[in-house]
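Okay, structure first, notes after.
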Amino acid sequence: MKERFSIVIAGGGSTYTPEIILMLLDNLDKLPLRAIKLYDNDEERQNKVAKACEILVKEKDSSIDFIATTDPETAYTDVDFCLAHIRVGQLPMRELDEKIPLKYGVVGQETCGPGGIAYGMRSIAGVLENIEYMEKYSPNCWMLNYSNPAAIVAEACRRIKPNARVINICDMPIGMEHNIAEILGFKSRKEMDIRYFGLNHFGWWTSIKDKEGNEHIHRLIDHQLKYGNCAVNDDPSKYSDNSWQETARKVKDLVQIDPTMTPSSYLQYYLYPDDMVAHSDPNYTRANQVIDGREKRVFTECKRIEEKGTAKDTSLEIGIHAEFIVDLATALAYNTHERMLLIVENNGAIENFPADAMVEIPCIVGKDGYEALSIGKIPTFQKGLMEQQVAVEKLVVDAWQEGSYNKLWQALTLSKIVPSANVAKKILDDFIEVNKGYWPELK
């Protein structure tokens, strides 16, 4: 009989928690569980999903212990895996991350540019705090960290907790690979062997082969040059809102810049920031859409489950973006040598790129962690963009560690999204005002 594992979800009050639990419950044959714990420092928010999650667990397998807690010792004692998706400052702070840059005609996005920098300055302490709890109460636990902004968080972990059992990962490439598989006619993204390089939310696919070794990247690029990441006869109803369809369509413009590889859709913010600002409403941003849409929908359904006492006929769905968690945990638990995209220290994997940069590349995962695949040399265009972005991320962590106003001003000035040091300073001063109590004091 397979060993059964104990999991804590850090950031238990997230609207993604129910779909992560549904994914875990759907994969008990791959990753058997004895306990699922929710941990959050906001009890009121966690309570909005906790009872519904408990019902989901008990109706699937009543032998699994379920605990929702705000006590770190209870949360982290006797756990094998920590799934960390914390959001320091929650959605009201995300709203400010997006709206303050837009006030100055700059892209307002939660992980890219100024918004990502502000969010990163809040996230570092929260992730480090959870690593310390894990090391204190369950030193053999693995943290699967997908807290945003993943690149800045990963750089902070590399510097401050270099020996921690933390693996940084992001669901964004998984979502794009589902899209790519659909375009190419594969039943699943698992039928593809991919080659990819870049930074988090900042990368390119260079090869997509089937299991027989046939290359499909050129077929994908031909499609994207005509339709972007939309299917030929795309059904708008498959998108949760218009912005996702626009993002899929924008890939057409991104591919044209270098039609030898397939870009991450997030590059739209860096390469077409003027278009992004033109299509943004500075008074109603993505954070507002999430608050009025996803958050309301999930909390309402969780309340209904709690009141009915059953999850029968629930509208909650397994999140496809959560599948990487099961794959990663299974690879660590059973030494499966799964090939996965992780955010890791470069250490020569990309030959012509700094060794200490946190890059997103394919790795082989087993019980001792991961081994990065060699990428070789990358072209000048992509290398130049990545060097600029890595410098931004390193300056943010410098600013956090040193409490340095100038380093953060430099980070904002260097961001490809920000047009000048003047604009960077205005955004920074506004951010300092609203992030009191979240950021270190800057001098």
Across (1) open to solvent by 10 Å² or more (accessible area, probe 1.4 Å); (2) in contact with a helix residue (DSSP H, G or I) (Cβ under 7 Å, 6 or more places away or on another chain); (3) more than 26 Å from D398 (Cα to Cα), K103 clears everything bar (2)
Flag if A164 is in contact with an Asp or Glu (Cβ under 8 Å, 6 or more places away or on another chain) and within 23 Å of I7 (Cβ to Cβ): yes
Within the range 403-417, residues of a type in the set (S, T, N, Q) and open to solvent by less than 30 Å² (accessible area, probe 1.4 Å) come out as S404, S415
Hits in the range 376-402 (condition: part of a loop (DSSP other than H, G, I, E, B) and either open to solvent by less than 40 Å² (accessible area, probe 1.4 Å) or free of Cβ contacts under 8 Å to residues at least 60 places away in the same chain (or both)): K377, I378
Residues being surrounded by 18 or more Cβ atoms within 10 Å (Cβ to Cβ) and modelled with pLDDT of 95 or more: count how many of those fall in the range 330-339. 3
Within the range 239-275, considering residues that are of a type in the set (K, R) and open to solvent by 70 Å² or more (accessible area, probe 1.4 Å), the one modelled with the lowest pLDDT: R249
Which condition number in (1) crowded, with 17+ Cβ neighbours inside 10 Å; (2) in contact (Cβ under 8 Å) with a residue 40 or more places away in the chain is the one that T69 fails? (2)
Considering only helices (runs of 4 or more DSSP H) wholly within the range 185-295, the ones with at least 2 residues that are farther than 30 Å from E95 by Cα are 217-227, 242-257
Out of T77, T17, sole residue that is open to solvent by less than 20 Å² (accessible area, probe 1.4 Å) and closer than 26 Å to I167 by Cα: T17
Within the range 136-151, can one find any residue that is assigned to a helix (DSSP H, G or I), over 15 Å from the mean Cα position of the chain (by Cα) and free of Cβ contacts under 8 Å to residues at least 12 places away in the same chain? no
The correct count of residues that are in contact with a Leu (Cβ under 7 Å, 6 or more places away or on another chain) and surrounded by fewer than 20 Cβ atoms within 10 Å (Cβ to Cβ) in the range 152-182 is 2
In the range 27-65, which residue that is under 30 Å from N335 (Cβ atoms) and among the β-branched types (V, I, T) is surrounded by the fewest Cβ atoms within 10 Å (Cβ to Cβ)? I64
Suppose we keep only residues that are in contact (Cβ under 8 Å) with a residue 24 or more places away in the chain and under 14 Å from K443 (Cα atoms) within the range 403-427. Which one would you say is nearest to the chain's Cα centre (by Cα)? L408
How about the range 361-377: which of its residues are out of contact with any Leu (no Cβ under 7 Å at 6 or more places or on another chain) and either within 25 Å of G116 (Cα to Cα) or of a type in the set (D, E) (or both)? D368, E371
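The values are calculated or read from the model by the stated rules, or taken from the named source; none is laboratory data. Nothing here was measured: the structure is a model prediction, and the numbers come from that model. Here Cβ is always computed from backbone atoms with ideal geometry, including for glycine, and neighbour counts include all displayed protein chains. With ligands, DNA and RNA removed, areas are computed over all heavy atoms of the protein, side chains included. Shrake-Rupley method; radii C 1.70, N 1.55, O 1.52, S 1.80 Å.
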